[in-house]
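Visitor: Dumping the structure here so I can ask a few things about it.
The values are calculated or read from the model by the stated rules, or taken from the named source; none is laboratory data. Owing to the predicted nature of the structure, the values given are computational and were not obtained by experimental measurement. Cβ: placed from backbone, ideal geometry, glycine included. Neighbour counts: every protein chain shown.
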Amino acid sequence: MISKRDKRVVLVNTNVIEPLIAPIGLDYVAESLASEDFDVELLDLALAGDGWKDQIKSRLPDGLPRVVGVTFRNTDDCYMASGRSFLPVLKQIVGEVRSHTDAPLVIGGAGFSVMPELVLEEVGVDIGVWGEGEGSFGPLAERLLAGERIDDIPNLVFRGRDGWRRTAVSHASLALLPRRTRRFVDNEAYFRRGGQGSIETKRGCSQKCVYCADPVAKGRAQRLRPARAVAEEIEALLARGVDCLHVCDSEFNLPEHHARAVCEAIIERGLGGRVRWYVYASPVPFSPGLAGMMRRAGCVGIDFGADSGSDDQLKRLGRRHRAEDLAATAEACREAGLVFMYDILLGGPGETRETVRETITLMKRIEPDRVGVSAGVRLYPGTPLASALQDRDQARGVTGRNAGPDRNGTLLRPAFYVSEHLGDDIWSTVADLVGDDPRFFFANPAQPESNYNYNDNRLLVDAVARGHRGAYWDILRRLR
Ligand code: B12
């Protein structure tokens, strides 16, 4: 056993994408560590700006025992037009940390958990935590500090004698986690620099969308937070002046009963008029009743994962909704007074010019406030789409700058699938069909205001600095 005095962990935020998004994962992990008697320090390199190396230098070398936990939220920006990988940034930070301390280093995070072995190999680190950090990181840190074995701790990925090993998966009960005070991260600073706060109401996704990394990184089992705990956390954020939030669930309305319970708890506490919030949502199940309840609880905007307006394409993507369900969501949102957008994903298997036309025509017909166009499907290891392509040895159609499945045959670097029926034509096809409709966001260098990449988006950074708050698509909408 190590003494309480020596239980020290330093958590490092490596996500420097602007506008800045608060590292909510580290806030939550820190809360659990503190409840397990760890002395937790946050090294937030996003807020350190150009002085990040000095921060590491001044905060690490004091000879004290500790474990360093590094968060890696985005492996890349998942945007075919830019194909920006963040592995070089992670590698540089890991190198800098290592030059100041011999402390064991552990990586975790959403992007990391999509392909943990590949990331660890690339940056030369031996241990990571897959999925949520709350249950495993404390016990792991204790063992590392004591120099004891770690192979019976769940959710680990580590280098064993014969290569990479994963330990059993275990999900923490979200009802048993300590109250989230949101005091470890400087959420006020992030609100000023990023224009939105964050909160999570559940984890895991049981949907079968063929391209999606969420079940790979978080697991399929849905774990729900008690609705009351969510409302309490909103109060804690409000007390810090953070009154505009983005919910960090894959889909807020899955399952619907939990979405309703969260809304009820917010309304009961009288917070509906004090906080504004945005969500990602699935087009089904969605009803005027749910929309109205969300609005009363303070929700102002919804981004639906619509993907396509072609039923054939929706089936191929493994989606449960159909094109006409989208029209119903539009009606429900308009009635409730919610601003709404659809995310569409073009270029998947079987996509043709005709299915793209169907999708864009439907979007124009049902008149959402905005449409976010992603062209090219980022391929992630472990997804049904990537496995199918591998099985059939179908490298054709996979494209991307810096790209894989490349030299090593991995998908570590940004690689995108574009249906062979579209190929290089995809941009011009989209541009032709969208025409001058200002509601569509897509990669069009001639129109920076239609840029749908939130990575290094200067228009957004400036708008947030001028005081804009909200989901980024809604800020961009208001700017027009
Ligand atoms: C909500 C969300 C957004 C919102 C964020 C709103 C906000 N205010 O926070 C918005 C819309 C702004 C957004 C933007 C982007 N996003 Co986003 N986003 C998400 C989403 C749905 C939730 C992220 C989240 O906060 N989860 C809740 C927290 C608590 O979970 P967590 O961060 O994973 O942390 C837990 C564990 O990972 C772990 N952990 C984390 N760090 C550490 C560290 C250690 C040491 C340990 C042990 C454990 C650990 O423990 C934590 C607690 O359990 C995820 C998908 C998902 N379901 O996770 C995508 C996701 C993270 N986003 C993604 C991307 C690509 C982006 C963008 C780059 C897109 C773009 N080009 O514009 C931008 C980047 C913005 C930025 N500045 O970083 C990808 C990353 C994929 C990848 N390959 O890396 C994801 C995974 C979606 C996907 N499947 O494609 N996003």
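Visitor: Could you check His421 against (1) closer than 28 Å to Ala213 by Cα; (2) outside any loop (DSSP other than H, G, I, E, B) and say which number it fails?
Guide: (2)
Visitor: Look through the stretch 188-231, keep the residues that are on the phi > 0 side of the Ramachandran plot and under 16 Å from the mean Cα position of the chain (by Cα), and return whichever of them is farthest from the ligand (Cβ to nearest atom). Steps first, please.
Guide: First, the residues of the stretch 188-231 that are on the phi > 0 side of the Ramachandran plot: 195, 204, 219.
Narrowing further to those that are under 16 Å from the mean Cα position of the chain (by Cα): 204, 219.
On the way: Gly204: 9, Gly219: 10 Å.
Per the stated criteria, the residue is Gly219.
Visitor: While we're on this one: Could you check the stretch 276-364 for helices (runs of 4 or more DSSP H) lying wholly inside it with 3 or more residues that are over 23 Å from Phe416 (Cβ atoms) and either without any contact (Cβ under 8 Å) to a residue 40 or more places away in the chain or of a type in the set (A, V, I, L, M, F, W, C) (or both)?
Guide: Because the criterion is at least 3 residues that are over 23 Å from Phe416 (Cβ atoms) and either without any contact (Cβ under 8 Å) to a residue 40 or more places away in the chain or of a type in the set (A, V, I, L, M, F, W, C) (or both), the helices (runs of 4 or more DSSP H) in the stretch 276-364 that meet it are 288-296, 323-336.
Visitor: Identify, please: which residue in the stretch 436-449 is within 14 Å of the ligand (Cβ to nearest atom) and either free of Cβ contacts under 8 Å to residues at least 12 places away in the same chain or of a type outside the set (Gly, Ala, Ser) (or both) and is, among those, surrounded by the most Cβ atoms within 10 Å (Cβ to Cβ)?
Guide: Phe441
Visitor: While we're looking at this one, here's another question. Considering each of Leu64, Leu47 in turn, give the residue that is more than 8 Å from the ligand (Cβ to nearest atom), under 15 Å from Phe184 (Cβ atoms) and in the same structural domain as Ser136 (by TED's automatic domain parsing). Please lay out each step first, then the result.
Guide: Values: Leu64 fails: under 15 Å from Phe184 (Cβ atoms).
After applying the criteria, what remains is Leu47.
Visitor: Only one residue in Gly147, Gly133, Gly204 is over 30 Å from Asp474 (Cα atoms) and surrounded by fewer than 22 Cβ atoms within 10 Å (Cβ to Cβ), so which one is that? Steps first, please.
Guide: Working: Gly133 fails: surrounded by fewer than 22 Cβ atoms within 10 Å (Cβ to Cβ); Gly204 fails: over 30 Å from Asp474 (Cα atoms).
Of the residues listed, the single one that is over 30 Å from Asp474 (Cα atoms) and surrounded by fewer than 22 Cβ atoms within 10 Å (Cβ to Cβ) is Gly147.
Visitor: Return yes or no: is Pro104 under 17 Å from Ser32 (Cβ atoms) and in contact (Cβ under 8 Å) with a residue 12 or more places away in the chain? Explain how you work it out, then say what you get.
Guide: Numbers: under 17 Å from Ser32 (Cβ atoms): no; in contact (Cβ under 8 Å) with a residue 12 or more places away in the chain: yes.
No; evaluated as a whole, the condition is false for this residue.
Visitor: Kindly indicate the residue of the stretch 74-103 that is outside any loop (DSSP other than H, G, I, E, B) and within 19 Å of Ser374 (Cα to Cα) and also nearest to the ligand (Cβ to nearest atom) among those meeting that condition. Outline the logic, then answer.
Guide: Initially, the stretch 74-103 is screened for residues outside any loop (DSSP other than H, G, I, E, B), giving 76, 85, 87-98.
Next cut, within 19 Å of Ser374 (Cα to Cα) only: 76, 85.
Working: Asp76: 6, Ser85: 9 Å.
Step by step, filter the stretch 74-103, then rank; the result is Asp76.
Visitor: To continue, here is another question. Checking the conditions here, which among Ser58, Ser82 is without any contact (Cβ under 8 Å) to a residue 12 or more places away in the chain, over 23 Å from Ile24 (Cβ atoms) and out of contact with any helix residue (DSSP H, G or I) (no Cβ under 7 Å at 6 or more places or on another chain)?
Guide: Of the residues listed, the single one that is without any contact (Cβ under 8 Å) to a residue 12 or more places away in the chain, over 23 Å from Ile24 (Cβ atoms) and out of contact with any helix residue (DSSP H, G or I) (no Cβ under 7 Å at 6 or more places or on another chain) is Ser58.
Visitor: From Leu245, Leu254, which residue is within 12 Å of the ligand (Cβ to nearest atom) and in a loop (DSSP other than H, G, I, E, B)?
Guide: Among Leu245, Leu254, only Leu254 is within 12 Å of the ligand (Cβ to nearest atom) and in a loop (DSSP other than H, G, I, E, B).
Visitor: Test Ala30 against the stated conditions and say whether it is among the small types (Gly, Ala, Ser), more than 8 Å from the ligand (Cβ to nearest atom) and either buried (at least 21 other Cβ atoms within 10 Å of the Cβ) or modelled with pLDDT of 95 or more (or both).
Guide: Considered against the rule, which asks whether it is among the small types (Gly, Ala, Ser), more than 8 Å from the ligand (Cβ to nearest atom) and either buried (at least 21 other Cβ atoms within 10 Å of the Cβ) or modelled with pLDDT of 95 or more (or both), Ala30 comes out as yes.
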